[in-house]
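These notes are about the structure you will find just below.
The values are calculated or read from the model by the stated rules, or taken from the named source; none is laboratory data. Being a predicted model, the structure only gives us computed values, none of them experimental. Heads up, the Cβs are rebuilt from the backbone with ideal geometry, glycines too, and the neighbour counts pull from every protein chain shown. Just the protein is used for accessible areas: all its heavy atoms, side chains included, with ligands, DNA and RNA removed. Shrake-Rupley method; radii C 1.70, N 1.55, O 1.52, S 1.80 Å.
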Amino acid sequence: MGENSELLVDLKHKLCSSIDQSAEKLRMLSRDIWSCPELAYHEHKAHDRLVEFFTQETGWKVDSHFKLQTAFRATWEPSGNPQGHVINVGFLCEYDALPGIGHACGHNLIAEVGAAAAVGLKDVLEKTQNLPIHVQVTVLGTPAEEDGGGKIDLINERAFEGMDVVFMAHPSKEDALYLPCVAEHDVTIKYHGKASHASAYPWEGVNALDAAVLCYNNLSVLRQQMKPDWRVHGIIKHGGVKPNIIPAYTELEYYLRTPTRAELPVLKEKAARCFRSAAEATGCQVKRSQHSNDSNFTGDRRGV
Ligand SMILES: NCCCC[C@H](NC(=O)CCN)C(=O)O
């Protein structure tokens with residue numbers, strides 16, 4: 001083993017034992033976030049709790065509400081006046097939850113792991129003399145993973161600028177180097193028809209629920225012609241008001257997914273035909289809107 005490899009192994013051991021010493025306060029951090037689930041872009045309590053956590057740790061400069069209302073940044077810089085390039089190592093904390101089922105995806109744990117890695121690394125860097133490199137540690141609290149796209153917003157706001165490498169970890173039921181996630185296009189499809197009494201004057205109505213059902217079925221049929229690693233999954237968000245009123249309005253929300261963003265336009269076009277033909281068949285008007293930027297979830301397959 002080379003000199004640097006031995007040093008790395010030694011630093012890793014020290015880092016792990018430093019994290020172990022903080023285990024209880026990290027557990028409390030995670031538990032507090034878990035017990036108060038908040039939706040994307042509304043993670044105010046989680047934001048405040050994480051800001052409090054880093055403020056109570058020594059040596060961190062904390063920027064609350066960093067670029068986004070529920071984002072934050074905590075930075076630690078090596079003391080002295082290091083010469084040459086200082087490597088800026090980033091860790092991400094996520095902390096939004098899912099509607100209805102809370103922290104089912106475990107983002108409280110992502111926050112805990114990001115905080116743990118950051119305080120552990122800072123601790124060993126601080127205690128180790130004569131390291132061959134200089135390292136700065138940055139923690140970014142990145143809201144809105146479950147909906148919208150907080151990291152995309154932060155990239156657009158240049159929040160990642162200056163960071164050389166960024167790590168995050170996601171809990172899973174299996175040990176894996178990356179999540180089986182794929183790129184994504186969010187789309188809302190709205191059908192506008194015409195209400196009418198469903199038994200007295202059904203012929204006067206234009207049935208937006210029929211359009212939604214046809215849309216759903218068109219997409220289901222499309223699946224047979226999709227590549228095996230493409231995904232189309234959705235829900236009917238509004239299906240009408242009452243059985244005796246021909247639904248004048250329905251709304252579906254779909255995620256269209258391919259392994260990377262490069263293939264998304266092909267799938268989007270195929271799906272668009274499904275949306276339009278349902279409108280054509282029923283005489284409804286169709287409108288679609290995207291509610292976040294297309295995102296890539298490619299992960300780093302090397303697990304670096
Ligand atoms: N724009 C909606 C984002 C959905 C992101 C979601 N992410 C995960 O499930 C990973 C674990 N949190 C998804 O990929 O469906």
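Just the accessible area per residue of the chain, please: how many Å² with a 1.4 Å probe?
Solvent-accessible surface per residue comes out at 55 Å².
Using a simple charge model, +1 on the beta-carbon of Lys and Arg, -1 on the beta-carbon of Asp and Glu, nothing else, what dipole does the chain show about its Cα centre, in debye to the nearest 20?
1080
Exposed loop GluC sites (Glu not before Pro) only (DSSP loop, at most 13 other Cβ atoms within 10 Å): please give the longest stretch of the chain free of them, not including the sites.
Values: sites that count: GLU157, GLU161, GLU174.
The reported range is 1-156.
Binning at 20 angstrom from zero up to the longest distance, how are the C-alpha pair distances of the chain distributed in percent?
Bins of 20 Å from zero give 28, 46, 21, 5, 0 percent of pairs.
With θ taken as phi - 60° and the coefficients 6.51, -1.76 and 1.60, list the Karplus ³J(HN,Hα) couplings across the range 205-212 in order, rounded to whole Hz; mark glycine and proline as x.
Those phi angles translate into x, 10, 8, 6, 6, 4, 4, 5 Hz.
Provide the percentage of antiparallel DSSP beta bridges, counting only those with both residues in the chain; round to the nearest 5. Working shown, then result.
Details: 32 of 43 bridges.
In the chain, DSSP labels about 75 percent of beta bridges as antiparallel.
Compare ILE152, ILE236 by solvent-accessible area with a 1.4 Å probe and give them largest first, with all protein chains kept in place.
Values: ILE152 40, ILE236 75 Å².
Largest to smallest exposure gives the sequence ILE236, ILE152.
Determine the percent antiparallel among the DSSP beta bridges restricted to the range 77-164, to the nearest 5.
DSSP beta bridges in the range 77-164 are roughly 10 percent antiparallel.
Hey, which of these cross-link pairs are over 26 Å Cα-Cα: LYS45/LYS67; LYS45/LYS151; LYS14/LYS45; LYS242/LYS268? Don't skip to the end; give the middle numbers.
On the way: LYS45/LYS67 17 Å; LYS45/LYS151 19 Å; LYS14/LYS45 32 Å; LYS242/LYS268 32 Å.
Table pairs above 26 Å Cα-Cα are LYS14/LYS45; LYS242/LYS268.
Under a cut-off of 12 Å between alpha-carbon atoms, report the aspartates and glutamates in cross-link reach of LYS237, not counting same-chain residues fewer than 8 places apart.
The qualifying aspartates and glutamates are GLU251, GLU253.
What list of ³J(HN,Hα) values in whole Hz, one per residue of the range 63-78 in order, does the Karplus curve 6.51 cos²θ - 1.76 cosθ + 1.60 (θ = phi - 60°) give from phi, with Gly and Pro shown as x?
10, 7, 6, 6, 6, 10, 4, 10, 9, 8, 9, 10, 10, 10, 10, x
Can you classify the range 180-304 as rounded, prolate or oblate using the Cα gyration tensor, where a ≥ b ≥ c are the square roots of its eigenvalues, rounded means a/c under 1.5, and otherwise it's prolate if a/b beats b/c and oblate if not?
Details: a/c = 3.14, a/b = 2.63, b/c = 1.20.
The shape class here is prolate.
If I take every Cα pair under 8 Å that is 6 or more residues apart in the chain, average their sequence separation and divide by the length, what percent do I get for the relative contact order?
17
Aspartates and glutamates near LYS122 by alpha-carbon distance under 13 Å, same-chain residues fewer than 8 away left out - which ones?
Straight-distance partners of LYS122: GLU57, GLU77.
Considering only DSSP beta bridges where both residues belong to the range 2-167, give the percentage that are antiparallel (nearest 5).
Beta bridges within the range 2-167, antiparallel portion: roughly 45 percent.
One-quarter of the Cα convex hull surface for the range 1-152, in nm²? Intermediate results must be reported in sequence, preceding the final value.
Details: hull surface 39.3 nm².
Value for the range 1-152: 9.8 nm².
Loop only by DSSP, 15 or fewer other Cβ within 10 Å of the Cβ. Give me the chymotrypsin sites (Phe, Trp or Tyr not before Pro) in the range 135-215 that pass, ordered by residue number.
TYR178
If I compute solvent accessible area with a 1.4 Å probe over the protein chains, what percent of it on the chain is carbon and sulfur?
Carbon-and-sulfur percentage of accessible area, whole number: 53.
Exposed loop sites here are trypsin sites (Lys or Arg not before Pro) in DSSP loop states with at most 11 other C-beta atoms within 10 Å. What is the longest stretch of the chain lacking them?
Counting at most 11 other Cβ atoms within 10 Å as exposed, the longest clean stretch of the chain is 1-157.
Name the chymotrypsin sites (Phe, Trp or Tyr not before Pro) in the range 212-301 that are in a loop by DSSP and that have at most 16 other C-beta atoms within 10 Å, would you?
Passing both the DSSP loop test and the Cβ count: PHE297.
Answer rounded, prolate or oblate for the range 1-40, using the Cα gyration tensor with square roots of eigenvalues a ≥ b ≥ c: rounded when a/c is under 1.5, else prolate when a/b is larger than b/c, else oblate.
Oblate, since a/c reaches 1.5 and b/c is not below a/b.
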